[in-house]
1. State the dimensionless ratio Rg/Rh of the range A:199-343 (Rg: radius of gyration of Cα atoms; Rh: Kirkwood radius).
2. If you find the alpha carbon centre of the range B:141-163 and of the range B:18-35, how far apart are they in angstrom?
3. Quick one: work out Rg over Rh on the C-alpha atoms of the range B:1-149, Rh as Kirkwood radius.
4. Per residue of A:142-150, what is the mean number of Cβ atoms on other protein chains within 10 angstrom of that residue's Cβ?
5. What's the whole-number percent of alpha carbon pairs in chain A lying beyond 39 angstrom?
6. Using a 10 Å cut-off around each Cβ of peptide A:241-253, what is the average number of partner chain Cβ atoms that fall inside?
7. Mind telling me which of B:143, B:80, B:319 comes out most flexible in a GNM of chain B, alpha-carbon contacts under 10 Å?
8. Average partner chain C-beta neighbours within 10 Å, per residue of A:256-268?
């Protein structure tokens, strides 16, 4: 390979993102300057937050500019280094982007030990989605044993871990997922007590009635990844002093499903009369919790108490298709692109 | 006076409450049984939450039944007692309802010392609205010196105290109120740094632009009493890690002003990307804080650091008109009905 191949933002999506909004480009492999090193990317993580970076809206992070390489977390191998702390052959994780090769000065980069866990887990259960699940459940929602939690996107990179951690904590755990296969997996493999297929419910009212059947005790914690129909179904089922950990709203990222939103006055009334707490959170504010997270969850992954499922697509050129599929809920587990061979 | 006069719920309001929903009745003065005492009511408190009790909706408290006396907090004088702890002539506060005379077994009743403060303050600044303001500011919103707060219904029974306590705490304090006279009062008497007249703004966007002009630093805490246009104007101005103490939503209690609500997906996006916390609260959950509240705020009222303004209507028969006027924002300060003469 003599060129670097990258996926760049070609146009800002109008509503739903499409393949035309992303383009594959070839460039010379970048050359590391003093204090820099060159990485070949092995794994690229695809995450729902990336959809937000494609918009020019004010958000917690700068949007990707038109023509720039899409941002993303990666695992890669150091090919050449002028950096004192990184040597050729080392495996690292960092925000190298949707590309086969990148140059880095080491900022935000962490070395991985391939003997401890498969290196791809640094992008999933032992990386950003993992700490998101753990912080959301413990620090944001203050979830307690004996409580009932609903997790939307129940088998996703974040939701799949939330459900397993909640179960390990002694909670009653209900998932919402799109499709019977995901629901079966949630219950049979991840240990959810129940999982409801939101695609099988024609509307939020029907889904809400199913939640009430399965959890007549009500819902104490809602781990919110989705918005849309799921939110509209869960919120009216929340118990007094319930908490909503607002982590994502994938159903609404492209401006679709807006008709599935409850009217704000009804939401406000529910939050007031049931004394709910709704807390938005972005994991970048909580990275200081990484050591505590790894200390607790690392051993659970190592000894198999936590099940990891990856949804792997091969080739950087296929990243756009895999990304759009994930936004529509077509992924099953942590979405990854295998950009290059394992070392 | 040989009969008790009371205001009863005649019909459940359809949307906005009207005079037809409330009726004045005369009955024999009730006779206290063993362990009970008879109170003549001196002051009746009118509060926005009472509108909710007129509906048959699931809420934090049981609705008033059709034909029952409207619930409400009062100050009264014990006329006769078969209760060991209450004696004739004592002044007490309790939920005696919209009536001239009530019998009580002492549950939820507290004795007042008229030498410490005017007894009507037990229904306002040193009573439920007062502790609501104090708990919302300190325990719910965790407001800090140097931060910027917006208080809606800025001169109301709750808001008027929130603003003064926030100022005493060293915050930048902005009020939203209906009318130029209330805004002038907020700044000149209560010490608000700014107060915007929401009635003068044709829509939420205009009001929001005014907030941005006056507080370009953004809003850290929103003490929410109103919903509607005020909420839609403030929320987009909230800073990262801001908090909303959701105390009331008077603009929406009658099902009006629904078109002034932001779309939920936009609200959800703002809560997520700015990492806002929205916490609904009902003061009944926080009465254990009453001693701490009185210890801090009592002296501030006694020495005049806290200004109290009462909006007094004479006669139980005029309570319905005063109540409807308050729901429309026509009150100015803590709304009270003088039901009988001071002792």
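1. Ratio of gyration radius to Kirkwood radius: 1.02.
2. Cα centres, the range B:141-163 to the range B:18-35: 37 Å.
3. A ratio of 1.03.
4. 0
5. Pairs farther apart than 39 Å: 14 percent.
6. Shielding by partners across A:241-253 averages 3.
7. Taking springs between Cα atoms under 10 Å, the residue moving most is B:80.
8. 6
Just so you know, all these numbers are worked out from the coordinates, no wet-lab data involved. It should be emphasised that the depicted structure is a prediction, and the values quoted were computed from it without experimental measurement. Positions of Cβ are backbone-derived with ideal geometry, glycine not excepted, and every protein chain shown enters the neighbour counts.
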